[in-house]
Amino acid sequence: MAVIKLESGYNIGVDPHSCTFVERPSPVPVKRLEVTPDRNLPDLSIVSTGGTIASRIDYRTGSVTSQFDAGEIVSAIPELAGVANYRTRSISTILSENMTPAIWQDLARAVSEEIRSGVSGVIITHGTDTMAYSASALSFMLDTPVPVVFVGSQRSADRPSSDNAMNAVCAASTATSDLGEVAVVMHATTNDDRCAIHRGTRVRKMHTSRRDAFRSIGIPSIGTVSYPSREVTLEPHAVRRGTHTLALHEKLEERCGLAQFYPGMAPGILTACRGYRGLVLSGTGLGHVSTGLIPLIRDLIEGGTMVVMTSQCMHGRVCDRVYDTGRDLLQAGVIEGGDMLPEVALVKLMWVLGNEKDPDNAAALMQTDLAGEWNRRSFHGL
C-alpha cells in the first residue's frame, strides 16, 4: 500500500503498482510578514519550543516535522497582528516527547527574562503530548504577574482541519487579558467557536487527536475565549494580573519517578527506583497498591526516597485511612497526594526536592497548595 499526501492535507492509500512516482519540488518557503508595530497594542513575547503548532509536512518522509521558528509562526498566522505586537524567541525545536526537565529550566529562565523586559504576557508554543507537564513545571518555577500561556495544535498547519491559527489567536488574546498565572489555551469544542483556558496544574490531554482534547480536571476551566470575537471571560477562581511579584525558582531534582500500579505489578519495578530522591505512585481508587509491595515501599522510604501516593481516578482524592491497605501505606511513610494529578505530583516533587532539603518541610510542602494543584474540596458535577 502506498500512502499519498493530497494537496488538501489528507492521505489516501493506493496500490503502488498503479502509481507512477515522480519527484515533488520542494515547497515554497514561508515568507516572513513585515508587520509595523502598533503603539496602541500591547507587547507580547512568543517563546517557541516546537511541536505541531510550529510544524509542517516534510515531503521527503510524508510526516510532520518541527521546522518553524517563532518568527515564522507570526508570519503564518497574520490574524495575530491585530492582537498585539510580538517579539520572538526560540528555546528549542523539538517534538514534545523529547522535552526534559533541563529544557523546563531553560524555558522558565527565558520566560522570566521576557517578563522582566516589560512584555504584557508570554505565549509558549509547545507540542500537545507533554504540554501539561511543562505548564505544571512553570507553574511551580515561576511566580508571574502576567499571563504565561501555553498553546499547541492537534493538527498541523497544512491540514484543512488545523486548529493552529485559532488556538494561537485565542492564546494571544489570553496573554493580553487580566489573567495572572500559567495556563493552557486550546479548543474547547470540536467547532471553531471558542477556546478554553485551563490552569497549568489542573489540565490533561484527554484524546489523542481531537481538537478539543484538553480538559480541566478537578476544577472548572478558569476562562474561555470566544472566536472570532476574541473576547476573554475569566472565571472568579482565575488568578488576576498583578497578584504575584515576578520570581524565578528554577531548581529541580531530576532523580524522581512516576509508577502506575497494576494488578500483579512486578516488585522489580519498585526496586529499580532505589536511589531516587522521590517517587510518585499512581494507585487504585483511594490510593492503594497490593499489600505485597508495601514492604518494598517501606524500604525505599527508609533509604531516603520520598514516596507520594496519587490516584488513577480522574476525580476525587486519595484517602488512605479507609482501608487496611491505606493505613499500612501511611505507617510505611507514604505521603497522601490529595487530588493532585499523578503527573503534576511528579513535577511538584521534582520542584519541592530541588528547593527544600529538610525532609519534614518537603513532606509538608507536598501537601500544601502552591500553584492551584491541590484542592481542599472537590468540585461536583465535573
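The figures follow:
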item: Considering residues of the range 297-319 that are crowded, with 21+ Cβ neighbours inside 10 Å and not β-branched (Val, Ile, Thr) only, the residue nearest to Gly218 (Cα to Cα); result: Ser311
item: Count - residues of the range 101-127 that are β-branched (Val, Ile, Thr), surrounded by fewer than 24 Cβ atoms within 10 Å (Cβ to Cβ) and closer than 24 Å to Ala238 by Cβ; result: 2
item: Some residue of the range 280-302 being within 21 Å of the chain's Cα centre (by Cα), part of a loop (DSSP other than H, G, I, E, B) and outside the structural domain of Lys205 (by TED's automatic domain parsing); result: no
item: Any hit, the range 180-196, residues being assigned to a strand (DSSP E or B), in the same structural domain as Thr88 (by TED's automatic domain parsing) and over 19 Å from Gly51 (Cβ atoms); result: yes
item: First in the range 96-123 and modelled with pLDDT under 95, second anywhere and buried (at least 18 other Cβ atoms within 10 Å of the Cβ) and assigned to a helix (DSSP H, G or I), Cβ under 7 Å, 6 or more apart; result: Ser96/Met131
item: Which numbered condition Pro263 misses (of (1) outside the structural domain of Val352 (by TED's automatic domain parsing); (2) free of Cβ contacts under 8 Å to residues at least 60 places away in the same chain); result: (1)
item: Selection status of Thr128, part of a loop (DSSP other than H, G, I, E, B) and β-branched (Val, Ile, Thr); result: yes
item: Flag if Leu252 is closer than 30 Å to Ser120 by Cα, touching a helix residue (DSSP H, G or I) at 6+ places or on another chain (Cβ under 6 Å), at pLDDT 95 or above and not β-branched (Val, Ile, Thr); result: yes
item: Given (1) touching a Lys or Arg at 6+ places or on another chain (Cβ under 9 Å); (2) surrounded by 22 or more Cβ atoms within 10 Å (Cβ to Cβ); (3) of a type outside the set (Phe, Trp, Tyr), number of the condition Ala168 does not satisfy; result: (1)
item: Of all residues in the range 76-100 being crowded, with 18+ Cβ neighbours inside 10 Å and part of a helix (DSSP H, G or I), the one that is farthest from the chain's Cα centre (by Cα); result: Ala81
item: Every residue from the range 217-233 that is among the aliphatic types (A, V, I, L, M) and either without any contact (Cβ under 8 Å) to a residue 12 or more places away in the chain or in contact with a Ser or Thr (Cβ under 8 Å, 6 or more places away or on another chain) (or both); result: Ile222, Val225, Val232
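The values are calculated or read from the model by the stated rules, or taken from the named source; none is laboratory data. All values derive from a computational prediction rather than experimental measurement. Please note: Cβ atoms are built from the backbone with ideal geometry, for glycine as well, and neighbour counts cover all protein chains shown.
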